[in-house]
Structures are given as structure tokens and as C-alpha cells.
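The values are calculated or read from the model by the stated rules, or taken from the named source; none is laboratory data. Given the structure is predicted, the values throughout are model-derived calculations rather than measurements. Neighbour counts are summed over all protein chains in view; Cβ atoms, including those assigned to glycine, are modelled from backbone coordinates with ideal geometry. These area figures cover heavy atoms from the full protein model, side chains too; ligands, DNA and RNA do not enter into them. Shrake-Rupley method; radii C 1.70, N 1.55, O 1.52, S 1.80 Å.
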Amino acid sequence: AFPKGVAIFFKEIQDFFGTSYSEIAWVSSIMLATTYGAGPISSILVNRYGSRPVVILGGLLCGIGMVSAAFCTSILQLYICVGFITGFGLALNLQPSVIIIGKYFLKRRPIANGLAMAGSPVMLCTLAPLNQFLFDNFGWRGSFLILGAILLNCCVAGALFRPIGAATASVKTQVAEEGKDALKEEVTKDAMEMSSPRNITMETKTEEEGGKGCCEKVNQYLDFSLFKHRGFLIYLIGNVLMFLGFFAPIVFLAPYAKHIGIDEYSAAFLLSILAIVDMIARPTTGIIANSKWVRPRIQYFFSFSIAFNGACHLLCPLASGYTGLVVYSIFFGLAFGMVCAMLFETLMDLVGAARFTSAVGLVTIAECCTILLGPPIGGTLIDTFGDYKYMFIKCGAVMVLAGTFLFIMNYYNYHALAKEEKERKAKEEDPKSVRTENEGRNNWNKETAQEGPELEPLREEREGLKKEVNGT
């Protein structure tokens, strides 16, 4: 909600620095693009250090960025402080907050995602009037100082991100030690089944891994093999297309209302209506998505939400008066909340919790380009034709296209997965293949038995480990 709320101060900052509206609008655009574009860096840090320290660092950067912005003397300095520093801090808050939900929840994860995502519209309802109050009393510089202090509360939130599986108690330590012993025994058994040439190959492989290049080290934290994942690619293409028309209608809703002769306070109230409906829609969507009827085919529900969002924008130009815009805001808030509630849940459904951290990072950097370009393209259409309806039609058409694409491709993906699962089960149930596999295993055991004297030390070590485990 923060990049949208900062727009309250733009008119005063524009007059202070003597800049155009397009120049000042880049502050929010840069902040949003940095928030999404820094996704891979955030994902790497989360994989390396965990969610808690990354969120605390993000809160510090947000506070530093906004406090520094209070002392800026040019628009370029605002781009750096508010756009890049604060935007990067927000990126370090966004990724871990989404990732940690997947670590804590499985059975009711869609509900948890819906409730967590409801924080954005709640803050959007309160941040706009708060910013107006701060501006009236302290000006934009004083307001930036106070907002920087408020954003430092992200550090408090980060401190409450309790890592799972921290072996702090003595019982947990004992369990970990027992698990380690059991793992040793399993490794020893595996070694018993291997001949000595195989061991030489493993040693060579270890030496090669020791000399990993920079790209391979990055791949350790960002799983680039996801680009071979069919479901991930479908999701990525659909979302990149969707974001061309996702944020622009929110940015231009209040100006459009003023353009058709509605007063400023009534125009601002349209955003409040949208946020209130959005607030209710997100957790409700989570509950629906978690039901036994929807969750197995949640990708279809997500595709419908995007297409529904686009249909609202296509019908917006028909709303000539204030009542029509109120109806549009209600449906837009509902559609917007549905998409936001399932945006990350559907990605986790496709790639699984283990690869989700890398997936979020790769998706957000791909999305940041269309997030950055969406509102300026809409503004160009307004400047060119002198009418807002072409902007709404463009956004609606793009989102309907994205929803249709996702629906068709997910239908193909579900059928392909079902076919692959059927072939796998048929292969497992085939007695011939099972018999061949057993014969191969028996032959391998005979070969290793002939090399018994060479593996005698390993046998003794295994016996020792067994006795140690039994004693524990």
C-alpha cells in the first residue's frame, strides 16, 4: 500500500521542485519496480540467512530511505532515496512475508495467504487519510520523517518471524543427534553397495563441486531449472502479460472521476470503497480457494479472476455518473482482491514449497518490467486521445487475454500431468519391469559380495554405528 499512499504528497513536491507531473510520477513507478525487480536478491538472502534477518534489514532500509528523502534537494535524490532505497527495503519485506506462509501452512494455506494479503487494503484505507493529516500539520518533509519512523516497525514484525526447526532445546538437540546417527548408518549402507571405482568417481565429483563458478553458486540459491518447468512457464507468461493492465486503473481511477466532473473528496472516496471491498474479498477468496471443490483446480479459479478483472475495466467507460463509478469500484475491488489473494498461492501450487522461494524471485524480476511500463503506457493513451476510456479498454483487453491464455494452458497442463501420472503408475504395476529391476539388483549384490575383503572396514564401521544407535 505504501507506494500508492505516497502519491498524496506529489502535488506539493511538484510545486517545490518545479517539476512536471510525469517526472514526479516516476517516484512511485521506480519504487514499485524496485520492489518487484529486487525479488531474486531477496530470495537469495532468504535462502541463505532465513526470513527474520532479511525482514529486519528491509525495515532498516525503508526507514533510512524515507528519513533521507526528507533532506533531498532535487527530484533525482528523491528517485534514489524513495524509489531505490525504500523500494529495495520493501522488496526485502515482501518476499520473506510470502515465503514464510508456505513454511508454516499446508492444509489451510490458501486461507492464510488470503488473510495475510488483506493487510494491503487495510493499510490503503488508513494510509491515505493519515498522510493527508501529516501533510496538513508537518509538510512533506516532516511527513517523510514520521513515515520513516513508522516503517521501522517492519523490524519489529521481522523479529516475530520465528524460524521453524531451530534446535534450541536439549530435546531437539538430542533428536537432531539421533537423526544424524541414523543418516550415518544409511550412508554406510549405501557405501557397502558401491564398488571402489564408484567411490573414485564420487571423489572426483566432490573436487569439481569445490571449484564451482559464480553462476553455479547463484543457481544454488535461485533454481534456474524452473525455466524447464511447464507449469511455471505458463504462470510466468500469463502474469507478465497481466501486469501490463493490473495497476494502471488504480492510478487513474480518481483522475478519471475528476475528469468527468466529480469533486475531489468524492473521487478519493472511490479508492476507499475499492479498498474496503478488497479487504473483504481477499480472505473470502482464500476460504473459497481452500475448499475441496476449488483447490484441486485452483489454477482455473485464478484464470477466471484475471478475466473477471479485465471485464470490469472493459465495462468502466459505460459508467458515466458517480453511481456508475461506485458500482465499478465495488466490482473492481472484488476482482482485484481475488487476484491478489491467489497470486502467490497458485505459484506455490505449481512448483511446491521447496522451490517456491526461487520461483518468487524469478517471477518478480520478470514482472517488474511490465509493472514499470503499465501506468506510463496508460498515460500515453490518455495524452494521445484526450480520453480515459482507451486506457481502461487497453487494460481490460490485456487482462482478458491473460486470463484466457492461463485458462487454456492450465487445461493443457492438467491433462498432461494426468497422462504422465497414468504412465508412471502403469510402469510401476508392470510385473515385467519390476522383475527386471529385481534381477538387476540381485546381480549387483552378487558383484559386491565378491569384493568382500575390500569393503571389510566399512562393514565394521556399520556394525559400530548400529551398536551406538541401539545404545542411544
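Output the pairs from LYS103/LYS427; LYS258/LYS394; LYS292/LYS427; LYS103/LYS419 with a Cα-Cα distance over 25 Å in this structure; if there are none, say none. Intermediate values should be presented prior to the final figure.
Values: LYS103/LYS427 33 Å; LYS258/LYS394 20 Å; LYS292/LYS427 29 Å; LYS103/LYS419 30 Å.
Checking Cα-Cα distances, LYS103/LYS427; LYS292/LYS427; LYS103/LYS419 exceed 25 Å.
Between segment 29-64 and segment 235-257, what's the alpha-carbon centroid distance in Å?
If you average the Cα positions of each part, the centres end up 23 Å apart.
Using only the Cα atoms of segment 323-440, what do you get for the radius of gyration and for Dmax, in Å?
22.6, 78
Along the principal axes of its C-alpha atoms, what lengths does segment 1-160 span, in descending order and rounded to whole Å?
Projected onto the principal axes, the Cα atoms of segment 1-160 cover 53, 29, 26 Å.
With a probe of 1.4 Å, find how much accessible area segment 225-418 has per residue, and write the answer as a whole number in Å². Could you put the intermediate results ahead of the total?
Working: 7850 Å² over 194 residues.
The answer is 40 Å² per residue.
Out of ALA70, SER43, ILE100, whose Cα points farthest toward the positive end of the dipole of segment 1-160 (charges: +1 Lys, Arg; -1 Asp, Glu; placed on Cβ)?
So the residue we want is ILE100.
Sorting TRP26, TRP293 by accessible area (1.4 Å probe), largest first, what list results?
Numbers: TRP26 100, TRP293 195 Å².
From most accessible down to least: TRP293, TRP26.
Once phi is turned into ³J(HN,Hα) by the Karplus curve 6.51 cos²θ - 1.76 cosθ + 1.60 with θ = phi - 60°, what whole-Hz value does each residue of segment 148-162 show in order, with x for glycine and proline?
x, 5, 5, 5, 5, 5, 4, 5, 5, 4, x, 5, 8, 7, 6
On a full-extension model of 0.36 nm per residue, what is the gain between SER266 and ALA159, subtracting their alpha-carbon distance, rounded to one decimal in nm?
Values: separation 107, 0.36 × 107 = 38.52 nm, distance 4.00 nm.
Gain on extension, SER266 to ALA159, equals 34.5 nm.
I'd like the Karplus ³J(HN,Hα) series for segment 85-98: coefficients 6.51, -1.76, 1.60, θ = phi - 60°, whole numbers in Hz, and an x wherever there's a Gly or Pro.
5, 5, x, 5, x, 5, 5, 6, 8, 5, 4, x, 5, 6
How do TYR412, TYR235, TYR79, TYR265 stack up against each other in accessible area, from largest to smallest, with a 1.4 angstrom probe?
TYR265, TYR412, TYR79, TYR235
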